[in-house]
1. Taking a threshold of 19 Å on the Cα-Cα distance, which of the pairs Lys38/Lys71; Lys29/Lys71; Lys196/Lys262; Lys196/Lys298 fall above it?
2. Take the chain, connect every pair of alpha-carbon atoms lying under 10 Å apart with a spring to form a Gaussian network, then pick out the residue of Leu172, Leu36, Leu150 with the largest mean-square fluctuation.
3. Among Val59, Pro102, Gly21, pick out the residue whose Cα is farthest towards the positive end of the charge dipole of segment 8-110, where Lys and Arg carry +1 and Asp and Glu carry -1 on C-beta, about the Cα centre.
4. For the chain, what does the helix formula give at 222 nm: sum of -39500 (n - 2.57) over DSSP H segments with n ≥ 4, over the residue count, nearest 500 deg cm²/dmol?
5. Quick check on packing: order 290-303, 246-259 by the mean number of other C-beta atoms within 10 Å, highest mean leading.
6. Using mean Cβ contacts within 10 Å as the protection proxy, how do 139-145, 163-169, 119-125 order, highest first?
7. Any idea how far the Cα center of segment 161-237 sits from the one of segment 22-72, in Å?
8. Taking only C-alpha pairs under 8 Å that are 6+ residues apart, what is the relative contact order of segment 1-130 in percent?
Amino acid sequence: MMAENCSNQKGQIMHKAHMAGIGYYVPEKVVTNADLEKIMDTSDEWIRERTGIIERRYVADGENNADMAEKASRKALDHAGCDVQDIDFIIYATLSPDYFFPGSGCLLQDQLGLNGIGALDIRNQCCGFVYGLSIADQYIKTGEYKNILLVGSEVQSRGIDLTTRGRDIAVLFGDGAGAAIISRTDDENRGIINTKLHADGKYIKELWCEDPGSIKNPRLSHEMIDSTSHWPYMNGRYVFKHAATRFPEVINEALEAANINKDDVDLVIPHQANMRITEAVRMRLELPEEKVYSNIHKYGNTTAASIPIAMSEAIAEGLIKEGSLICLAAFGSGFTWASALLRL
Ligand SMILES: CC(C)(COP(=O)(O)OP(=O)(O)OC[C@H]1O[C@@H](n2cnc3c(N)ncnc32)[C@H](O)[C@@H]1OP(=O)(O)O)[C@@H](O)C(=O)NCCC(=O)NCCS
């Protein structure tokens, strides 16, 4: 898309960042609601009605988080017309890393042959991509880096309780990865306009995975597994209520800060949590259906990967293109919530 932004020219002190390319990868294995009916007490009707999800993807044996990230990254590099060696920093957002440590950013860096450059893992759950975009924006603005690879990648299928006990969460999530190249630009008419980040830690227990963690000694025990505290817990109705409020709030915050009218936004791309949340947000913002993107029916909630996957598909479908004004927004565990306004 913007090969000239990947050059090595020396710049000035303050710069502008823009999204030069984006790409995604989802595993081949499709898991339909009917497939889930075979392993837990649920129904296609229940899932569709409450979430809009029809199917999701799960990784195959041997496929991992960083592998998906690598595939998505190579597509984003192609889309940007950028050589892998032009990348000077990696930001990797995930809540399902390959290892407790080191971060998956280090795995991806090695797989891409970028040994030596910095690789930052961030853990902001469903807001990971927008938080990462904000970090990338700051680094580009100060002139520290020129081309940052920002990734959101999740293997949710290995961290959910795929039995009736875990059905409220299990049916929602899927695996996948999305990546974007955030580059320096001199073009005043495009780029990241602003990012708004929030969190409120008093809600940590409403959507969390308690164990294993260093708050316990030992960090991992048989008792944890017996008590099922290693599976995520979600207070679904509570999460729904907060998400439906925070999404419009943080979108309005971004619009007001930039003095932009909502009608001038070409497309709002919310984190794909649930079709009913997206619909509630759309109605609160009084936006027409075609202005709020949704592909949750195909992938479920892929957490940090959902926005870049959705954005890639919106570009492929011709809904947004160079010059489009878009608003990204997310809400998730923490609670965290965030938005970003950018012109492609
Ligand atoms: C999870 C969610 C879909 C549940 O919908 P809901 O309207 O709150 O649930 P309902 O009250 O209609 O149904 C609850 C019942 O369905 C059951 N149920 C839960 N999951 C089920 C499933 N997968 N299949 C069938 N039944 C299920 C519950 O056990 C409960 O049964 P009970 O009434 O006998 O106790 C909804 O709360 C939600 O979308 N929350 C937000 C989730 C989210 O987006 N999280 C990620 C944020 S990033």
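1. Lys38/Lys71; Lys196/Lys298
2. Result: Leu36 has the largest fluctuation of those listed.
3. Selected residue: Gly21.
4. Values: 11 runs with 111 residues, N = 344.
My calculation for the chain gives -9500 deg cm²/dmol from helical runs alone.
5. Result, highest mean first: 290-303, 246-259.
6. On the way: 139-145: 17.7, 163-169: 15.9, 119-125: 21.4.
Going from most to least packed, we get 119-125, 139-145, 163-169.
7. Centre-to-centre distance over Cα atoms comes out at 17 Å.
8. Numbers: 165 pairs, mean separation 34.0, N = 130.
26 percent.
Throughout, read-outs are computed from the coordinates displayed, never taken from laboratory work. Just so you know, these numbers come straight off a predicted model, no measurement behind them. Here Cβ is always computed from backbone atoms with ideal geometry, including for glycine, and neighbour counts include all displayed protein chains.
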